[in-house]
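Take a look at the structure below.
Each value in this text was obtained by applying a stated rule to the coordinates, not by laboratory testing. Quick caveat, the model's predicted, so the values are computed rather than measured. Cβ placement follows ideal geometry from the backbone for every residue including glycine, while neighbour counts extend to all protein chains displayed.
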Amino acid sequence: MLIKVGKKSIGLDKGKCDLPFLSHAHGDHLNGMKKKEEIIATQATLELASLQASIASHPQAELLNAGHILGSSALYAQTDGGSILYTGDFRTKEGICTKGATPKEADRLIIECTYGDPSFSFPSPHEVYSQIAKWVTQNQDAILIFGAYNLGKTQELIGALNEYCGITPIVTEDSEHFNKVYEKHGIKLERAVAGTQEAEEIMRGPFVAIAPPRIAKRSFASKLSAAFNLPAYSASVSGWVQKYRANTHAGFPLSDHADFSDILGYIEAVNPKEVEFVHGDGSQLISALSKKSPHIKTSPASAQRTLASPSPSQAAKS
Ligand SMILES: [Zn+2]
């Protein structure tokens, strides 16, 4: 999606424009960014995405914290047609690595609605860290495998396991680039990388590991149990556990996105004349808004921008 700001077209998580805005470093937002020499983004986002571009700015544009992962930001811009706020992916609740998203009043709001369904109602991340710590304590004689994507959820889990359980988890080599950028930006993460001597020593007894969600399933836990001669259990860590069954022993509703009521609360704070939903199905939000705030004009995401509801295998993504 493009917006016209002054004389320039700014691409919202799209490289094909005069000046791209990159909200955060998740792969599904990097479309066309690789070849750009200048990008409106935070330093942490460019580092996480391994982009060589320099940081651009626009006198009519401002970045706001989006609370999704390290470096994530929303874009606020003054245009000839009024002010626009684009959230990118966002979370309003504070987590161990991120503060809650900062809203700002705008005429037009373009908002992400991955969890735009009232069946999603997430506890505070700190409450979920406590649930995780309880499960870890109850199973301290077992091997525990958490499923988490390499960027964002892995770092949040490492931080939670360090702080709430005093545990140094085993992590994949693939997550190390992201772990190091988080540390460079002041977030301390105690972990041991699989294959290193430190990890080998930890793995002489029961241990806790973080692996991609497609791997961290019951079947993988069974293989580990046989190999190490210890009980082994797997857990999904995702907002989708509130609706879909993952093939794991346990599930924790930790998401780096806003849930249904968080989205409505954010809209209320922005107080827009018009809302457009992207990255999800906005129909239930539109229906809720038509009752709560009938003065707000709403439009669903256009077909090409809308992501279909995830299959259970995609579901652990966020
Ligand atoms: Zn994201």
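The mean sequence distance of close C-alpha pairs (under 8 Å, at least 6 residues apart), as a share of the length of the chain, puts its relative contact order at 17 percent.
Can you tell me which of 149-157, 263-271 comes out highest on packing, and rank the rest after it, using the mean Cβ neighbours within 10 Å? Write down the numbers at each step before the final one.
Numbers: 149-157: 24.9, 263-271: 19.1.
Answer by packing, highest mean first, reads 149-157, 263-271.
Net charge in the neighbourhood of residue 118 (other residues with Cβ under 13 Å of its Cβ; Lys, Arg +1, Asp, Glu -1) is -1.
Taking amide hydrogens as placed 1.01 Å from N in the peptide plane, the amide H of residue 83 sits under 5 Å from those of 107, 108, each at least 5 positions away in sequence or on another chain. If you take all other residues with their beta carbon under 13 Å from the beta carbon of residue 164, and give Lys and Arg +1 and Asp and Glu -1, the sum is -3. Picking from 124, 23, 287, which is most flexible by a Gaussian network model of the chain using Cα springs under 10 Å? Comparing 124, 23, 287 in the GNM, the peak value goes to 287.
To the nearest 500 deg cm²/dmol, what mean residue ellipticity at 222 nm is calculated for the chain from DSSP H runs of n ≥ 4 alone, each contributing -39,500 (n - 2.57), summed and divided by the residues? Present the calculation step by step, with values, prior to reporting the outcome.
Working: 9 runs with 84 residues, N = 318.
Mean residue ellipticity at 222 nm (helix-derived): -7500 deg cm²/dmol.
Quick check on the chain: of the DSSP beta bridges with both residues there, what percent are antiparallel, nearest 5%? Each step should come with its number before you reach the end.
Details: 14 of 46 bridges.
Of those bridges, close to 30 percent are antiparallel.
Once backbone amide H atoms are built at 1.01 Å from N, residue 209 has 144, 145, 146, 170 as its partners under 5 Å, excluding neighbours fewer than 5 places away on the same chain.
State, as an integer percentage, the relative contact order of region 125-252 based on alpha-carbon contacts under 8 Å between residues 6 or more apart.
Details: 204 pairs, mean separation 42.3, N = 128.
Relative contact order, region 125-252: 33 percent.
According to the square roots a ≥ b ≥ c of the eigenvalues of the Cα gyration tensor, what is the shape class of region 125-252, taking rounded for a/c under 1.5, prolate for a/b larger than b/c otherwise, and oblate for the remainder? Rounded. Compared with the alpha-carbon gap, the fully stretched path from residue 80 to residue 293 is longer by 74.1 nm at 0.36 nm per residue. Beyond 24 Å in Cα-Cα separation lie the following of the pairs 14/93; 14/188; 14/291; 7/35; 104/292; 14/184: 14/93; 14/188; 14/291; 14/184.
A cut-off under 14 angstrom between Cβ atoms defines the neighbours of residue 177, and their net charge, with Lys, Arg +1 and Asp, Glu -1, is -2.
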